[in-house]
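So the structure is just underneath, and the comments pick up after that.
The values are calculated or read from the model by the stated rules, or taken from the named source; none is laboratory data. A quick note: this is a predicted structure, and the numbers were derived from the prediction, not measured. Cβ coordinates were reconstructed from backbone atoms using ideal geometry, including for glycine residues, and neighbour counts include every protein chain displayed.
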Amino acid sequence: MISADKNTAMDILNNPVLKSFIAGSFSGTCSTILFQPLDLVKTRLQNPIPATIGAPTTPGMFNLMGHIIEKEHLRGLWKGMTPSLTRTVPGVGLYFSSLHWLKGHFVEPGKELQPLQAVTLGVVARTMSGVCMIPITVIKTRYESGVYEYRGVTAALRVIYKTEGVKGLCCGLVPTLFRDAPFSGLYLLFYTQTKKSLPQEWWSTQLAAPLHFSCGIVAGLLASAVTQPADVVKTKMQLYPDKYANILSVMAHIQRKYGVRGYFKGLAPRMLRRTLMAAMAWTVYEHMMRNLGIK
């Protein structure tokens, strides 16, 4: 009986989906801690009033970072770290484990992902994790904005549920999925195609890790630019759910006040963060999966 239980436990620990979840979560932790300041700056650039009172009228990324350090000290750049980790660690783990499971079921063993398969699997995996983590995404955005003051993630969940109901915990879900699902699909497409374009013998050398990172950089830059408008809409909806009834009302406001350029507010820090974060996440994930015996 004990032997059977032990074997069952070992089977669970050796499950490739669980291993991919662990690898993904670890990679998400490293990249989130390192690049949190860029995410905070991106959110505040998209919401310049009242989050940046006292800052320049149209602050750039570096001016805003300097203002935050001046007013909130260096630790202010890591505001929202707890909800970021609460969202990213299980979220990235769910994404990678879902992706691994989907590959195992819909891609023949030993076969490379085709472009359409890469987009589809990336979209489905990110949608699954995005829906699960949307309440934490709302809290993370509000923490970073400087508009809301919550005493913790649990307290924030209670306050939002009490004042806004389930709708408040899920606000901005559609633009979040329009941002994350296409980003992941496009990222995986660009990532896999960039890898294929390089000589295969390079991957068995010490260049493997830098190559993974470089492919991630290229994929992140392209995917970030395409999905930036959805990120701006998502931020507005999650910060002011009482002001914007739906996506169209947000778009009308942005178009009226800023024009087309309004959809690309915060592009530089988001592109930098998402590109470096995704590149690091995939590099660490691929390295850990090889060490865990999956690749």
Selection status of Ala181, free of Cβ contacts under 8 Å to residues at least 60 places away in the same chain, farther than 17 Å from Ser27 by Cβ and surrounded by 21 or more Cβ atoms within 10 Å (Cβ to Cβ): yes
Odd one out for Leu186, checked against (1) under 30 Å from Ile160 (Cβ atoms); (2) buried (at least 21 other Cβ atoms within 10 Å of the Cβ); (3) among the aliphatic types (A, V, I, L, M): (1)
Residue match in the stretch 123-134 (condition: surrounded by 23 or more Cβ atoms within 10 Å (Cβ to Cβ) and not small (Gly, Ala, Ser)): yes
Lone unmet requirement of (1) among the aliphatic types (A, V, I, L, M); (2) over 20 Å from Gly80 (Cβ atoms); (3) crowded, with 18+ Cβ neighbours inside 10 Å for Val174: (3)
Count of the stretch 150-169 residues which are outside any helix (DSSP H, G or I) and touching a residue at least 12 places away in the same chain (Cβ under 8 Å): 1
The stretch 241-270: number of residues that are in a helix (DSSP H, G or I), basic (Lys, Arg) and farther than 22 Å from Val41 by Cα: 1
Residue match in the stretch 195-202 (condition: surrounded by fewer than 20 Cβ atoms within 10 Å (Cβ to Cβ) and either touching a Phe, Trp or Tyr at 6+ places or on another chain (Cβ under 6 Å) or of a type in the set (Val, Ile, Thr) (or both)): no
So Thr176, is it over 21 Å from Phe96 (Cα atoms), in a helix (DSSP H, G or I), at pLDDT 85 or above and among the polar types (S, T, N, Q): no
Conditions (1) crowded, with 17+ Cβ neighbours inside 10 Å; (2) within 29 Å of Ser20 (Cα to Cα): number failed by Leu64: (2)
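The rows are residues; the columns are (1) closer than 15 Å to Ala278 by Cβ; (2) among the hydroxyl-bearing types (Ser, Thr, Tyr).
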{"position": "Val153", "(1), (2)": "no, no"}
{"position": "Gly185", "(1), (2)": "yes, no"}
{"position": "Thr192", "(1), (2)": "yes, yes"}
{"position": "Leu198", "(1), (2)": "no, no"}
{"position": "Ala208", "(1), (2)": "no, no"}
Matching option when the condition is farther than 30 Å from Leu173 by Cβ and in contact (Cβ under 8 Å) with a residue 12 or more places away in the chain, among Leu222, Leu239, Leu207, Leu211: Leu211
Residue satisfying condition, being under 19 Å from Tyr143 (Cα atoms), at pLDDT below 85 and assigned to a helix (DSSP H, G or I), within set Thr8, Thr86: Thr86
Filter result (more than 14 Å from Trp282 (Cβ to Cβ) and either in a helix (DSSP H, G or I) or at pLDDT 85 or above (or both)) within the stretch 199-220: Gln200, Glu201, Trp202, Ser204
Restricting the stretch 239-295 to residues that are crowded, with 16+ Cβ neighbours inside 10 Å and among the small types (Gly, Ala, Ser), the residue that is nearest to the chain's Cα centre (by Cα): Ala278
Of all residues in the stretch 105-147 being without any contact (Cβ under 8 Å) to a residue 24 or more places away in the chain and outside any helix (DSSP H, G or I), the one that is nearest to Tyr95 (Cα to Cα): Val107
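A quick yes/no check of all residues on (1) over 30 Å from Val147 (Cα atoms); (2) surrounded by 14 or more Cβ atoms within 10 Å (Cβ to Cβ); (3) modelled with pLDDT of 80 or more; (4) not hydroxyl-bearing (Ser, Thr, Tyr):
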site: Ile12; (1), (2), (3), (4): yes, no, no, yes
site: Pro16; (1), (2), (3), (4): yes, yes, no, yes
site: Leu34; (1), (2), (3), (4): no, no, yes, yes
site: Pro37; (1), (2), (3), (4): no, yes, yes, yes
site: Gly76; (1), (2), (3), (4): no, yes, yes, yes
site: Phe96; (1), (2), (3), (4): yes, yes, no, yes
